[in-house]
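Colleague: First the structure, which I've put down as structure tokens, then a few questions once you've had a look.
The values are calculated or read from the model by the stated rules, or taken from the named source; none is laboratory data. Treat the numbers as computed from the prediction; the structure is a model and nothing was measured. Glycine gets a Cβ as well: all are built from the backbone with ideal geometry, and neighbour counts include every protein chain shown. With ligands, DNA and RNA removed, areas are computed over all heavy atoms of the protein, side chains included. Shrake-Rupley method; radii C 1.70, N 1.55, O 1.52, S 1.80 Å.
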Amino acid sequence: MAPAGKEDGQDPRIPKIASSIRVIPDFPKPGIMFQDITTLLLDTEAFRDTIDIFVERYKGKDISVVAGVEARGFIFGPPIALAIGAKFVPMRKPKKLPGEVISVEYSLEYGTDTMEMHVGAVEPGERAIVIDDLIATGGTLAAAIRLLERVGVEIVECACVIELPELKGREKLGEAPLFILVTSDAA
């Protein structure tokens, strides 16, 4: 794990965050180096610092929507949304939301998947950040961006705790900036 973070110099909290993330080899299948954030969540200081860094970045930026990607975006998104005075909008897998939904289909390595959000959860002209724990190939974040932009939401930035840069996920985000705390060379 390598610290990323502030463009103008490393935030002193980042090394602790990076060291709190456990890497599990060959999970869920051989060849995968799984980035396990549960150890970050167990470290109250590192977890608080993670949330605080995102809050410091987005507070006062006129952001009205924090869109969290299922499932780990649901861990980081709500505390950030509360702290910056924004609403939290869950971006879910199919058939998980009870009301009327808008959806987008996106490509996976082998096949496709769908992401949904409630109709009326966001309004045209709102400003949003999209949050998830990790960006790998970028397909999920790109789908969230497309879904929000389809209804007229401005994407301020995508934010992830971890990036796997060798998988080139940021290339799929188009014009949307990406803010990350930690880079990992373990794909």
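Colleague: Go through the range 95-121 residue by residue and tally those that are within 19 Å of residue 149 (Cα to Cα) and either part of a helix (DSSP H, G or I) or not charged (D, E, K, R) (or both).
Modeller: Start the filter on the range 95-121 by keeping residues that are within 19 Å of residue 149 (Cα to Cα), which leaves 100-107, 113-121.
Within this subset, residues satisfying the condition of being either part of a helix (DSSP H, G or I) or not charged (D, E, K, R) (or both) are 101-104, 106-107, 114-115, 117-121.
Total satisfying the criteria: 13.
Colleague: Output the number of residues of the range 6-56 satisfying the condition of being within 12 Å of residue 162 (Cβ to Cβ), in a loop (DSSP other than H, G, I, E, B) and at pLDDT below 95.
Modeller: To start, the set of residues in the range 6-56 that are within 12 Å of residue 162 (Cβ to Cβ) comprises 14, 17-18, 20-23, 33-37, 40, 50.
Now restrict to residues that are in a loop (DSSP other than H, G, I, E, B): 20-21, 37.
When the remaining residues are screened for being at pLDDT below 95, the result is none.
Counting residues in the range 6-56 that are within 12 Å of residue 162 (Cβ to Cβ), in a loop (DSSP other than H, G, I, E, B) and at pLDDT below 95 gives 0.
Colleague: Could you please find all residues in the range 154-170 being open to solvent by 30 Å² or more (accessible area, probe 1.4 Å) and within 15 Å of the chain's Cα centre (by Cα)?
Modeller: Initial filter on the range 154-170 (open to solvent by 30 Å² or more (accessible area, probe 1.4 Å)): 154, 156, 165-168, 170.
Selection gives 156, 165, 170.
Colleague: Can you confirm whether the range 118-125 contains a residue that is open to solvent by 10 Å² or more (accessible area, probe 1.4 Å), closer than 21 Å to residue 24 by Cα, in contact with an Asp or Glu (Cβ under 8 Å, 6 or more places away or on another chain) and aliphatic (A, V, I, L, M)?
Modeller: No; the residues of the range 118-125 include none that is open to solvent by 10 Å² or more (accessible area, probe 1.4 Å), closer than 21 Å to residue 24 by Cα, in contact with an Asp or Glu (Cβ under 8 Å, 6 or more places away or on another chain) and aliphatic (A, V, I, L, M).
Colleague: Ok, one more. Look at the range 53-83 and say how many of its residues are without any contact (Cβ under 8 Å) to a residue 24 or more places away in the chain and either surrounded by 14 or more Cβ atoms within 10 Å (Cβ to Cβ) or of a type in the set (Ser, Thr, Tyr) (or both).
Modeller: Going through the range 53-83 one residue at a time, the tally reaches 4.
Colleague: Would you mind stating whether residue 80 is among the aliphatic types (A, V, I, L, M), more than 22 Å from residue 149 (Cα to Cα), at pLDDT 95 or above and not in a strand (DSSP E or B)?
Modeller: Values: among the aliphatic types (A, V, I, L, M): yes; more than 22 Å from residue 149 (Cα to Cα): no; at pLDDT 95 or above: yes; not in a strand (DSSP E or B): yes.
When the stated conditions are applied, residue 80 does not pass them.
Colleague: Among the residues in the range 84-102, are any open to solvent by 10 Å² or more (accessible area, probe 1.4 Å), closer than 18 Å to residue 47 by Cβ and touching a Phe, Trp or Tyr at 6+ places or on another chain (Cβ under 9 Å)? Steps first, please.
Modeller: If we filter the range 84-102 for residues that are open to solvent by 10 Å² or more (accessible area, probe 1.4 Å), which is where we start, we get 84-88, 90, 92-102.
From what's left, closer than 18 Å to residue 47 by Cβ: 84, 88.
Still in the running and touching a Phe, Trp or Tyr at 6+ places or on another chain (Cβ under 9 Å): 84, 88.
The answer is yes, given that some residue of the range 84-102 is open to solvent by 10 Å² or more (accessible area, probe 1.4 Å), closer than 18 Å to residue 47 by Cβ and touching a Phe, Trp or Tyr at 6+ places or on another chain (Cβ under 9 Å).
Colleague: Give the residues of the range 138-169 that are in contact (Cβ under 8 Å) with a residue 60 or more places away in the chain and part of a loop (DSSP other than H, G, I, E, B), sorted by residue number.
Modeller: Within the range 138-169, 153, 164 meet the criteria.
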